[in-house]
Amino acid sequence: QVQLVESGGGLVQPGGSLRLSCAASGDAVSIYSMGWYRQAPGKQCELVAGISTSDSTNYADSMKGRFTISRDKAKNTVYLQMNSLKPENTAVYYCNAIRLVYKFWGQGTQVTVSS
């Protein structure tokens, strides 16, 4: 099974950028559908972006044009580039891997957008 470790979160001012990384071990990310989810305080976990095994991508409507998900097979890592960040993007961001009926999650990384 795959193990996922997120990094790259932190405090950023509104309008700033962050790149989150999801480093995988134990298996190749290329065989999984990968996704980034987020959970803000008091809210449900929601999909931010996803990338399929054929590298097609999908985004939540509010993130389209600002966020980009990508996969580096050589580094076995999935990224989420986040631009033009807004205070409402503040949340814990989780990496997710899905293959067949199996789902795996990372521990999450905190993103705080505040001046």
Which residue out of Asp61, Asp72 is acidic (Asp, Glu) and either in contact with a strand residue (DSSP E or B) (Cβ under 8 Å, 6 or more places away or on another chain) or modelled with pLDDT of 95 or more (or both)?
Asp72
Contacts under 8 angstrom Cβ, first residue in segment 86-115 being more than 14 Å from Arg38 (Cα to Cα), partner among the β-branched types (Val, Ile, Thr) and exposed (fewer than 13 other Cβ atoms within 10 Å of the Cβ), 6 or more apart
Arg99/Ile31
Looking only at segment 38-78, count how many residues are on the phi < 0 side of the Ramachandran plot and open to solvent by less than 50 Å² (accessible area, probe 1.4 Å).
17
Restricting to segment 90-108, name every residue that is of a type in the set (Val, Ile, Thr) and within 16 Å of Gln44 (Cα to Cα).
Thr90, Val92
Looking only at segment 73-97, how many residues end up being among the charged types (D, E, K, R) and closer than 17 Å to Leu18 by Cβ?
2
Among the listed residues Val29, Val113, Val92, Val101, identify the single one that is among the β-branched types (Val, Ile, Thr) and open to solvent by 70 Å² or more (accessible area, probe 1.4 Å).
Val101
Selection count where residues are within 16 Å of Gly8 (Cα to Cα), without any contact (Cβ under 8 Å) to a residue 40 or more places away in the chain and of a type outside the set (Phe, Trp, Tyr), scope segment 58-71
3
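The values are calculated or read from the model by the stated rules, or taken from the named source; none is laboratory data. This is a predicted model, so every value here is computed, not measured. Positions of Cβ are backbone-derived with ideal geometry, glycine not excepted, and every protein chain shown enters the neighbour counts. Note: areas computed on protein heavy atoms with side chains; ligands, DNA, RNA excluded. Shrake-Rupley method; radii C 1.70, N 1.55, O 1.52, S 1.80 Å.
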